[in-house]
1. Exactly one of (1) exposed (fewer than 11 other Cβ atoms within 10 Å of the Cβ); (2) among the aromatic types (F, W, Y); (3) under 25 Å from A2 (Cβ atoms) is unmet by F69. Its number?
2. I want to confirm something. Restricting to segment 51-88 and keeping residues that are in a loop (DSSP other than H, G, I, E, B) and small (G, A, S), which single residue is modelled with the lowest pLDDT?
3. Filter segment 1-50 down to the residues that are under 21 Å from P76 (Cα atoms), free of Cβ contacts under 8 Å to residues at least 40 places away in the same chain, open to solvent by less than 100 Å² (accessible area, probe 1.4 Å) and part of a loop (DSSP other than H, G, I, E, B) and list them by number.
4. Go through (1) under 14 Å from the mean Cα position of the chain (by Cα); (2) open to solvent by less than 100 Å² (accessible area, probe 1.4 Å) for A64 and report which single condition fails.
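The values are calculated or read from the model by the stated rules, or taken from the named source; none is laboratory data. Given the structure is predicted, the values throughout are model-derived calculations rather than measurements. A quick note on method: Cβ atoms are made from the backbone with ideal geometry, for glycine too, and the neighbour counts reach across all protein chains shown. With ligands, DNA and RNA removed, areas are computed over all heavy atoms of the protein, side chains included. Shrake-Rupley method; radii C 1.70, N 1.55, O 1.52, S 1.80 Å.
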Amino acid sequence: MASTALVSHVVVSKFAWYLPLYRQVQILAGQRVYLDRATLAGWVKRAAWWLRSLYELQLRTIQAAPRLFCDKTPMPVLDPGRHRLRTASCR
């Protein structure tokens, strides 16, 4: 049973700090917490389900705005075909 704090930490680490789940599993194992990556993926999926209505509200608000700002900050993204990172940015 995971606490909401742990699930929040996993989701924020993945999406805000770009820390992939396999790295989080390694970090947790270093602290003697042994979890499977599939378990963390299930938590992320469940968190996404709970946050869906918030996402939809945010999307409607953004789409209703007359302008949208994007800062073009590059971020690393895993490129599955090449098995390495590539740089993605807002276009």
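1. Result: F69 fails condition (3) only.
2. G81
3. Listed by number, the residues that qualify are A16, L19.
4. Only one criterion is unmet by A64, namely (1).
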